Amino acid sequence: MARSRLPLIAGNWKMNGLRADALALARGVADGVRLAGWKDREVLICPPATLLIAVAEAVAGSGVLCGGQNCHVGASGAHTGEISAEMLSDSGASHVIVGHSERRADCGETDAIVRAKAEAAWRAGLLPIVCIGETLAEREAGRTLGVLEAQLKGSVPTGATSAKLVVAYEPVWAIGTGKTPTVAEVAAAHAHIREVLTGLASDAGALRVLYGGSVKGSNAGELLSADNVDGALVGGASLKADEFLAIAKAA
Ligand code: PEP
């Protein structure tokens with residue numbers, strides 16, 4: 001891993017957590033990060049939007065960053081039930097995940113929508129984490145690299161830089177399944193992503209590309225050691241403070 005790229009370990013809590021448990025989890029992560037005193041990595045947690053303000057308050061001063069899991073493309077207006085990037089920022093978020101495969105599948109989010117959401121994040125001063133990844137059928141058809149390239153070209157807005165964008169490579173078939181690609185497969189995907197980013201970002205060599213998909217404490221060291229992997233986007237394992245901190249330690 002190029003040390004010029006500060007590793008980022010991001011936890012995506014998805015639609016999990018009621019106030020008491022979520023605050024206990026947030027405090028557990030904050031305590032661990034405070035104790036470790038890491039200056040050489042970043043730790044981010046993305047709770048459900050309902051908990052963002054409380055979680056941001058609970059981790060304040062610990063160094064733990066907070067993010068949203070999604071945002072609307074607009075800043076405000078008649079969009080019942082939606083949450084804008086500005087609202088996330090106002091609630092204590094510094095980051096927002098956009099284009100997670102669950103939203104691409106469940107909500108029909110296209111590359112164009114993901115791109116608009118990344119631009120909305122910029123408008124609000126948030127750092128978007130743009131997710132891309134192939135399905136099992138696409139992998140089995142030998143289309144992985146082509147799919148990643150098309151998603152990147154469609155989802156990354158013009159004007160991207162390493163300071164304004166993080167990319168997360170998440171094979172859809174590895175999310176929540178306990179299955180992971182081999183280290184060589186991860187490295188091949190990330191090398192291609194970095195190459196494609198060269199045409200999309202002015203300083204692609206410095207842009208962080210995370211791996212996501214069944215990362216846990218026991219496999220984090222191996223997966224994060226792959227070339228061009230600059231951290232992890234973690235789902236299930238981010239719901240236990242010890243497990244999530246073990247991944248952060250491995251970074
Ligand atoms: C995710 O949803 O972004 C994810 C990587 O989930 P998991 O770690 O549970 O596979």
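Here, each number is a calculation from the coordinates, and none is a lab measurement. Note that the structure is a prediction, hence the values are computed from the model and not measured. Here the Cβ positions follow ideal geometry from the backbone for every residue, glycine too, while neighbour counts run over all protein chains shown.
A few points about this structure:
- Test: residue in the range 188-200 that is in contact with a Lys or Arg (Cβ under 6 Å, 6 or more places away or on another chain) and among the aliphatic types (A, V, I, L, M): no
- Residue count, the range 208-235 (criterion: more than 13 Å from the chain's Cα centre (by Cα) and surrounded by 21 or more Cβ atoms within 10 Å (Cβ to Cβ)): 5
- Scanning the range 122-143 for residues that are of a type outside the set (A, V, I, L, M) and not in a helix (DSSP H, G or I) yields GLY125, PRO128, CYS131, GLY133, GLU134, THR135, GLY142, ARG143.
- Pair list, Cβ under 7 Å, 6 or more apart: the range 93-112 residue in contact (Cβ under 8 Å) with a residue 12 or more places away in the chain and polar (S, T, N, Q), other residue in a strand (DSSP E or B) and more than 14 Å from the ligand (Cβ to nearest atom): SER94/LEU65; SER94/CYS66; SER94/LEU127
- Single unsatisfied condition, LEU8 versus (1) more than 23 Å from ALA246 (Cα to Cα); (2) touching a strand residue (DSSP E or B) at 6+ places or on another chain (Cβ under 8 Å); (3) of a type in the set (A, V, I, L, M): (1)
Here is a yes/no grid of residues against (1) among the charged types (D, E, K, R); (2) in contact (Cβ under 8 Å) with a residue 24 or more places away in the chain; (3) out of contact with any helix residue (DSSP H, G or I) (no Cβ under 7 Å at 6 or more places or on another chain); (4) at negative phi:
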residue: ILE175; (1), (2), (3), (4): no, yes, no, yes
residue: GLY178; (1), (2), (3), (4): no, yes, yes, no
residue: PRO181; (1), (2), (3), (4): no, yes, no, yes
residue: ILE193; (1), (2), (3), (4): no, yes, no, yes
residue: LEU200; (1), (2), (3), (4): no, yes, no, yes
residue: ARG208; (1), (2), (3), (4): yes, yes, yes, yes
residue: GLY217; (1), (2), (3), (4): no, yes, no, yes
residue: ALA226; (1), (2), (3), (4): no, yes, no, yes
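- For the range 150-159, a residue qualifies if it is part of a helix (DSSP H, G or I) and within 15 Å of the chain's Cα centre (by Cα), and the qualifying residues are LEU152, SER155.
- Scanning the range 94-105 for residues that are among the hydroxyl-bearing types (Ser, Thr, Tyr), in a loop (DSSP other than H, G, I, E, B) and within 13 Å of the ligand (Cβ to nearest atom) yields a total of 0.
- Evaluated against (1) in contact with a helix residue (DSSP H, G or I) (Cβ under 6 Å, 6 or more places away or on another chain); (2) in a loop (DSSP other than H, G, I, E, B); (3) within 16 Å of the ligand (Cβ to nearest atom), SER162 falls short on exactly one condition, (3).
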